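Each remark here refers to the structure printed beneath this line.
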Amino acid sequence: MRILRAGKLFLTVELGEMTVTMLSDGETTLPARFLLDEDDKPLDSAALTAADLVAGELRLPVRAFLVQGPGGCLMIDTGAADQWRPGLGRLPEALAEAGIGATEITALALTHPHADHVSGLVDGDGGLAFPAAQRLFVAVEDLMVVRANPRLIPLHPRLMPLEQGDGPIRGVTAVNAPGHTAGHMAYLVDGRLLIWGDLVHHAAVQFPSPRVGWHHDDDRDQARASRLALMEQAVEAGWLVAGAHLSDPGIGRIERDGAGYAFHPVTRG
Ligand SMILES: [Zn+2]
């Protein structure tokens, strides 16, 4: 892996004949009480000492990832547009900074259908933000949620059910990571970089303490099991990891550290 290019809102790494570009959708904050212990109680102040706080709230960057290779140009998640919280919706700006046109994207995939991941599929006029992408891959278990979102009606003809092991484009493989939603899906690129969506919401706390859960995990026990299993698998396999809410620039190495793990972001150099 090497860093090919970087800007304020993007960073591109090279993996053999493929590249992965982190695209920042901006940054917001959420209440610290969203981090929960194993009894589903908010963490006490001692457990929050390592947290990355902004005015007492958890820093929450939002990211999408673009995978480019001989098999096509796949956008994984699309940010919050103007549908969620202030400070977000910068994906088009990030693409422009990276010099990537919206019509270059040939396929779309979701890690899960929450507002900060699906909203950028549609532009400000309600049309398709990525009109050349003929397919939108969504895990079977999460299809109903996508179909129930009125904003996403223009995407219905392009929906493609996705299961573990499927490849939205050549060189990318879907990996089950259920719990945050029933169909929450990670994507392994070139067998060595795992884009894991919302497996982790607050890196500063959930790498050292991966048993800490998140208020918006649909099934917290299942989400915890997925987090522990995939973190361990990433270490064992030597995978790089990338996530929608990981610390800047959202891509890095994972190591075992004491009872938990440590995240080492790739450096912009
Ligand atoms: Zn999210």
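The values are calculated or read from the model by the stated rules, or taken from the named source; none is laboratory data. If you're wondering where the values come from, they're calculated on a predicted model, not measured in any experiment. Every residue, glycine among them, receives a Cβ derived from its backbone with ideal geometry; neighbour counts consider all protein chains shown.
Give the range 88-141 a look and list any residue that's touching a helix residue (DSSP H, G or I) at 6+ places or on another chain (Cβ under 8 Å), small (Gly, Ala, Ser) and not in a helix (DSSP H, G or I), or say none. Listed by number, the residues that qualify are GLY89, GLY101, GLY126, GLY127, ALA129, ALA132, ALA133.
Quick check: is even one residue across the range 236-243 at pLDDT below 95 and either aromatic (Phe, Trp, Tyr) or more than 16 Å from the ligand (Cβ to nearest atom) (or both)? No: zero hits. Which residue pairs have Cβ atoms closer than 6 Å, lie 6 or more positions apart in sequence or on different chains, and pair a first residue in the range 201-220 that is basic (Lys, Arg) with a second residue that is in a loop (DSSP other than H, G, I, E, B)? Matching pairs, first to second residue: ARG211/GLU38.
Taking the criterion of being in contact with a Phe, Trp or Tyr (Cβ under 7 Å, 6 or more places away or on another chain) and surrounded by 24 or more Cβ atoms within 10 Å (Cβ to Cβ), would at least one residue in the range 153-161 satisfy it?
Narrowing the range 153-161 to residues in contact with a Phe, Trp or Tyr (Cβ under 7 Å, 6 or more places away or on another chain): 160.
Next, from what is left, pick out any that are surrounded by 24 or more Cβ atoms within 10 Å (Cβ to Cβ): none.
No.
Which residues, counting only those in the range 171-213, are over 18 Å from GLN233 (Cα atoms) and touching a Phe, Trp or Tyr at 6+ places or on another chain (Cβ under 6 Å)?
Residue satisfying the conditions is HIS201 alone.
In the set GLY56, GLY89, GLY79, only one residue is closer than 20 Å to GLU27 by Cα and modelled with pLDDT under 95; that residue is GLY56.
If you go through the range 240-259 one residue at a time, how many are within 22 Å of LEU58 (Cβ to Cβ) and part of a strand (DSSP E or B)? Number satisfying all stated conditions: 6. With respect to the conditions (1) in a loop (DSSP other than H, G, I, E, B); (2) within 16 Å of the ligand (Cβ to nearest atom), PRO208 falls short on a single one, namely (2). Evaluating GLY124 against the criteria (1) small (Gly, Ala, Ser); (2) out of contact with any strand residue (DSSP E or B) (no Cβ under 8 Å at 6 or more places or on another chain); (3) more than 16 Å from the ligand (Cβ to nearest atom); (4) within 23 Å of GLY183 (Cβ to Cβ) leaves one unmet condition, (4). Sub-8 Å Cβ pairs linking a first residue in the range 108-121 that is under 18 Å from VAL140 (Cα atoms) and away from the ligand (no atom under 11 Å from the Cβ) to a second residue that is of a type outside the set (D, E, K, R) and part of a loop (DSSP other than H, G, I, E, B), at least 6 apart or interchain, are LEU108/THR78; LEU108/PHE130; LEU108/ALA133; ALA109/PRO168, ordered by first then second residue. When the range 2-36 is limited to residues that are modelled with pLDDT of 95 or more and part of a loop (DSSP other than H, G, I, E, B), the one that is surrounded by the most Cβ atoms within 10 Å (Cβ to Cβ) turns out to be LEU9.
Residue-level analysis places ASP219 outside the set of residues that are more than 26 Å from ALA80 (Cα to Cα), out of contact with any His (no Cβ under 7 Å at 6 or more places or on another chain) and modelled with pLDDT of 95 or more. Answer yes if at least one residue in the range 180-192 is among the aromatic types (Phe, Trp, Tyr), buried (at least 21 other Cβ atoms within 10 Å of the Cβ) and away from the ligand (no atom under 16 Å from the Cβ), and no otherwise. There is no residue in the range 180-192 that is among the aromatic types (Phe, Trp, Tyr), buried (at least 21 other Cβ atoms within 10 Å of the Cβ) and away from the ligand (no atom under 16 Å from the Cβ).
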